[in-house]
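> This structure is in structure tokens; I'll ask about it shortly.
Read-outs throughout are calculated quantities, based only on the coordinates presented, and are distinct from any laboratory measurement. Remember, predicted model here, so these are calculated numbers, not experimental data. A quick note on method: Cβ atoms are made from the backbone with ideal geometry, for glycine too, and the neighbour counts reach across all protein chains shown.
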Amino acid sequence: MRLAGKTAIVTGGASGFGKGIAERFAGEGARVAVLDINATGAEAVAEALGAGHLALACDVADGASVADAVARAAAAFGRIDIVVNNAGWSHRNGPLLDVDYATFRKVYAINVDSIFHMTHAIVPRWRAEGQGGVMINVGSTAGIRPRPGLTWYNSTKGAVHLMTRSLAVDLAPDRIRVNAIAPVIGATALLETFMGAPDTPELREKFLATIPLGRMSTPRDIANAALWLASDEAEFITGVILPVDGGRTI
């Protein structure tokens with residue numbers, strides 16, 4: 001049990017990568033708070049994880065909602081050891097000038113502002129407790145090797161990556177490790193948004209041709225990377241952007 005005795009918050013935990021991370025963490029002994037704007041989905045995941053886990057409705061773009069969810073998770077668990085900022089959003093793949101400002105702001109609010117809000121909610125607790133902590137941010141290969149048609153989304157993930165590295169430097173004296181995972185495209189709810197068209201075998205083949213190992217990422221791929229970064233095996237790892245991409249960013 002690599003996370004025995006640990007507690008974790010996973011945002012966007014009702015589906016996709018977040019659900020996979022929550023399941024993997026729970027399987028390795030952690031108690032998990034599943035946070036999602038989809039409260040029903042979060043409850044279903046937490047219930048499937050079994051006794052001792054928690055579902056909390058949370059809008060990661062709203063600082064008050066994040067602060068409340070963190071406070072409730074801490075009250076239930078006593079302490080939060082690990083935070084995974086996984087919740088994400090994108091505009092549809094297409095001409096960059098077709099994206100209006102409201103859509104642009106929503107993507108930034110969910111992908112970037114959310115980390116600001118979580119940092120303000122969790123870091124004072126970690127500093128007061130003096131035992132350190134682990135933050136894992138889910139970035140993207142889009143922030144390393146951008147795909148056309150996703151300029152504004154790509155830029156949010158670039159921000160996530162640089163924010164991760166800067167937080168790692170700022171928080172190292174507090175024994176708080178901050179790392180990011182950069183997944184390649186996966187078969188999640190946002191797949192057709194990233195593609196900009198219906199998911200067809202022909203379009204999948206086009207995207208798979210850009211991934212040397214020849215397949216998309218899966219929630220288990222991302223969960224395995226998150227598990228290692230969260231575990232004591234990675235106790236000297238901070239400020240890393242770990243591509244989980246089948247070679248996409250080579």
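> For Cα pairs less than 8 Å apart in space and 6+ apart in sequence, what is the mean separation divided by the residue count of the chain, i.e. the relative contact order in percent?
20 percent
> Continuing with the same structure: Against the longest alpha carbon principal axis of the chain, how many degrees, from 0 to 90 and to the nearest 10, is the axis of helix 219-230 turned?
For 219-230 against the chain, the angle is about 40 degrees.
> Please report Ser15, Ser114, Ser166 as a ranked list, fewest other C-beta atoms within 10 angstrom at the top and most at the bottom.
Listing Ser15, Ser114, Ser166 from fewest to most nearby Cβ atoms yields Ser166, Ser15, Ser114.
> I would also like to ask the following. Antiparallel as a % of all DSSP beta bridges within the range 7-244, to the nearest 5?
Beta bridges within the range 7-244, antiparallel portion: roughly 0 percent.
> Quick one: order Tyr101, Tyr153, Tyr108 by neighbouring beta-carbon count within 10 Å, fewest to most.
With the fewest neighbours first, Tyr101, Tyr153, Tyr108 line up as Tyr101, Tyr108, Tyr153.
> In degrees from 0 to 90, rounded to the nearest 10, what is the angle of the helix 39-49 Cα long axis to the longest principal axis of the chain?
Computed tilt is about 70 degrees.
> Mind checking the full-extension length gain between Ala209 and Ala128? Use 0.36 nm per residue of separation minus the Cα-Cα distance, one decimal, nm.
Between Ala209 and Ala128, full extension yields an extra 24.3 nm.
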